[in-house]
1. Let me confirm something: among Asn61, Asn118, which residue is within 23 Å of Val246 (Cβ to Cβ), of a type in the set (S, T, N, Q) and touching a residue at least 40 places away in the same chain (Cβ under 8 Å)?
2. Exactly one condition in (1) modelled with pLDDT under 90; (2) of a type outside the set (Lys, Arg); (3) surrounded by 14 or more Cβ atoms within 10 Å (Cβ to Cβ) is not met by Glu185; state its number.
3. Looking at segment 34-43, is at least one residue open to solvent by 100 Å² or more (accessible area, probe 1.4 Å), outside any helix (DSSP H, G or I), within 30 Å of Lys143 (Cα to Cα) and at pLDDT 80 or above?
4. Name the pairs: first residue in segment 76-99 and of a type in the set (Asp, Glu), second residue in a strand (DSSP E or B), Cβ to Cβ under 6 Å, at least 6 apart or on different chains?
5. Among the residues of segment 158-170, write down those that are surrounded by 13 or more Cβ atoms within 10 Å (Cβ to Cβ) and of a type in the set (Ser, Thr, Tyr).
6. Go through segment 65-112 residue by residue and tally those that are under 22 Å from the mean Cα position of the chain (by Cα) and of a type outside the set (A, V, I, L, M, F, W, C).
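The values are calculated or read from the model by the stated rules, or taken from the named source; none is laboratory data. Predicted model only: the values in this text are computed from it and were never measured. Note that we place each Cβ from the backbone using ideal geometry, even for glycine, and neighbour counts take in every protein chain shown. Heavy atoms of the whole protein, side chains included, go into the accessibility calculation; ligands, DNA and RNA do not. Shrake-Rupley method; radii C 1.70, N 1.55, O 1.52, S 1.80 Å.
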Amino acid sequence: MSARPRLGKFGLLNWLISWLLLILLEGYSAAIAPTPPTTTTSTTIAPSNLLPYFDFDVPRNLTVTVGQTGFLHCRVERLGDKDVSWIRKRDLHILTAGSTTYTSDQRFQVLRPDNSANWTLQIKYPQPRDSGVYECQINTEPKMSLSYTFNVVELKAEIFGPSDLMVKTGSDINLTCKIMQGPHELGNIFWYKGSEMLDGKNENEIDSSTARVLVEDDWSDGLTSRLKIKRAMPSDTGNYTCVPTVAKTSSVYVHVIIGEHPAAMQHNSSSNSNSFYCGICCMLLSIVSCCLQHWYVSGATAKTMLREPAATATAATTTQAAAATCQLSTAAVATSLRARHSNSCHALVLSAR
C-alpha cells in the first residue's frame, strides 16, 4: 500500500527531468545551427541627382579703367547637364547662355576651355556706362545665381596751375602732372612739346646738372611727374602735354616773354578788344538809324506824289539826299572802326615786342 505513492513520485520526477533535457537539447541544436545569410539594401546616389554649386573663392568686385578689358570669373562645380548664363542686372539682359552669345554687342563674350568649370565673361573696351552688377546663373529649379560688381573708372592726368603760363626769359619752367591712384599699375608719363617728345634727364642722374630738360617721377601717392626746363628761352614757347599710358592727357601753354610784365599785356589786349567791340556796336546803330530815316523819307515822298504830282521831282531829290547822307554816315563809321582796329592791332604788336 505504501509503495505506489513512492513510484508515482519517481515517475513525475523522471518526466520533469526528461522535459528539461528536451528543452536543453533543442536550445543547443538551435545554437549550433548555421545562421542563414541576411540581405542588405544599399542606396547609390546617381551624379545626376546632385545639385551644382558655385566656387566662392573668386574675386567678385572688379575695377578697371576705360578701355581695359575686364574678366568676370564664374566657377561652377558638378554642373552635370545644366547650363550657365550671364545676366546684366540693370536691364535683365541675357548676355550669354552656355557658349552662345545673346547680345549684338560684340564686346561681350563667354570664355570656357573644354570640360572646364570656369565660365568667364569677357568685356572688351569697357566704358563707364558698363559699370554695374552682373549675375552668373545656373538653370536649376529654382535658379541659382552669383552676383559680381563691375566698375569702370576714367583716369585723367592733371597739370597743376593755369592753362596759360607766363615765364620770363632766363627763368625755369616747372610743370607738375599727377594721376591719382587707380585700380592697377599706373604705367608711365611722357612729356611732349607739340608733337615732339621731351627726352629729359632724371634729376638723380650724374650728368643731369648739364641738361636743360629734367624729368622726375614719383610713385609714392599715385603717379607724379615733374618737368623742369632750365634757363627758358623764347624758343621754349609752346604747348606742353602730359601723356600717361593709362589715362587721359592734360596740356598747358607756356609763353616765354621778354621784358614786359604779362599783366600789362593782358590789360592792353582786353582794353583794345573792348574798344573794337564798342566800334562794332556804334556802326550797327548808325546803320539801323539810316535805314529808319530812309524808310521815313520814302514814305513821306510817296504820300506827296499822290497829293501833288508837281512835287515829284522835289521829293525824289530829298530821297536821294537822305540816301547819300546815310551812305556817308555809314562810311564814316566804318572808317573810324578800321582806324580803331588798326590802332588796337598796332598796340598788340608793340606790347608783344
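1. Working: Asn118 fails: within 23 Å of Val246 (Cβ to Cβ).
It is Asn61.
2. The single condition Glu185 does not satisfy is (3).
3. The answer is no; no qualifying residue exists.
4. Glu77/Tyr53
5. Passing the criteria: only Thr169.
6. Residues meeting the conditions: 17.
Listed here are the residues, each with its yes/no results for (1) in a strand (DSSP E or B); (2) basic (Lys, Arg); (3) open to solvent by 50 Å² or more (accessible area, probe 1.4 Å); (4) out of contact with any Asp or Glu (no Cβ under 9 Å at 6 or more places or on another chain).
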position	(1), (2), (3), (4)
Gly67	no, no, no, yes
Asp81	no, no, yes, yes
Ile87	yes, no, no, no
Ile94	yes, no, yes, yes
Gln109	yes, no, yes, yes
Asn115	no, no, yes, yes
Trp119	yes, no, no, yes
Arg129	no, yes, yes, yes
Leu146	yes, no, no, no
